[in-house]
């Protein structure tokens, strides 16, 4: 069987990570999330800490408004370039790792515009997991020690951060359904059904392509 990749973009509190782990365990394939930062550091020789500033969870997206679009092209700047540790190059090294993983093995990849980075490759299933506010708030409250209004503000801020991150490096909208093959409401379906739906579509796609 050929290698296949499931990319999962998700709203905070929707359980996208949990669904990704469940898929990796069921399908017996690798799961990649923040460890991509370490792999990018190993590949580039750049300190892993620097990748945090361009990671989709960092608060350093202010440079997007100052510098304008930095759409990903696949270009990598060499160590002797003044752009070697620029946000654009740090993202490109993460993208390189994601593409290398996709070509090497079957896996689940969480976030980091992986759906966009891999859109030209066969056997890639691009998934977006979302949920209603109450569901997200309940899940987020288990991880964040914030009050109701503060927690809602946190979720809205996280949504905006992901939107800005995606727009910054792809020029597109993170929540645009046309960027994905499958959009799932985990609050209505439940995690197990989301996993079932993803696996069913994956099997149909791989079978159709063989």
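The values are calculated or read from the model by the stated rules, or taken from the named source; none is laboratory data. Since the model is a prediction, treat every value here as computed from it, not as a measurement. Every residue, glycine among them, receives a Cβ derived from its backbone with ideal geometry; neighbour counts consider all protein chains shown.
Go through region 112-145 residue by residue and tally those that are outside any helix (DSSP H, G or I), touching a helix residue (DSSP H, G or I) at 6+ places or on another chain (Cβ under 8 Å) and under 14 Å from residue 13 (Cα atoms).
Number of matching residues: 6.
Name every residue in region 86-111 that is assigned to a loop (DSSP other than H, G, I, E, B) and free of Cβ contacts under 8 Å to residues at least 40 places away in the same chain, in order of residue number.
86
Consider residue 167 carefully, then state whether it is touching a strand residue (DSSP E or B) at 6+ places or on another chain (Cβ under 9 Å), in contact (Cβ under 8 Å) with a residue 24 or more places away in the chain and either under 28 Å from residue 2 (Cβ atoms) or in a helix (DSSP H, G or I) (or both).
no
Output the residues belonging to region 108-137 that are under 25 Å from residue 42 (Cα atoms) and surrounded by fewer than 20 Cβ atoms within 10 Å (Cβ to Cβ).
119, 121
Taking region 188-210, which residues are out of contact with any strand residue (DSSP E or B) (no Cβ under 7 Å at 6 or more places or on another chain) and in contact (Cβ under 8 Å) with a residue 60 or more places away in the chain?
If the condition is that a residue be out of contact with any strand residue (DSSP E or B) (no Cβ under 7 Å at 6 or more places or on another chain) and in contact (Cβ under 8 Å) with a residue 60 or more places away in the chain, then 191, 192, 195, 199, 206, 209, 210 are the ones that fit.
If the Cβ limit is 8 Å and pairs must be 6+ apart or interchain, which residue in region 23-36 that is free of Cβ contacts under 8 Å to residues at least 40 places away in the same chain and at positive phi pairs with which residue that is assigned to a strand (DSSP E or B) and surrounded by 19 or more Cβ atoms within 10 Å (Cβ to Cβ)?
That search, which allows pairs on different chains as well, returns nothing.
Any idea which of (1) part of a helix (DSSP H, G or I); (2) under 30 Å from residue 73 (Cβ atoms) is the one residue 173 doesn't satisfy?
Residue 173 satisfies every listed condition except (1).
Give me the residue from region 115-129 that is out of contact with any strand residue (DSSP E or B) (no Cβ under 6 Å at 6 or more places or on another chain) and over 19 Å from residue 171 (Cα atoms) and, out of that set, modelled with the lowest pLDDT.
122
Residues in region 179-193 that are over 13 Å from residue 9 (Cβ atoms) and either at pLDDT below 95 or assigned to a helix (DSSP H, G or I) (or both): how many?
Kept after step one, since they are over 13 Å from residue 9 (Cβ atoms), are these residues of region 179-193: 185, 187-193.
Right, trim to either at pLDDT below 95 or assigned to a helix (DSSP H, G or I) (or both) and you get 187-189, 191-193.
Total satisfying the criteria: 6.
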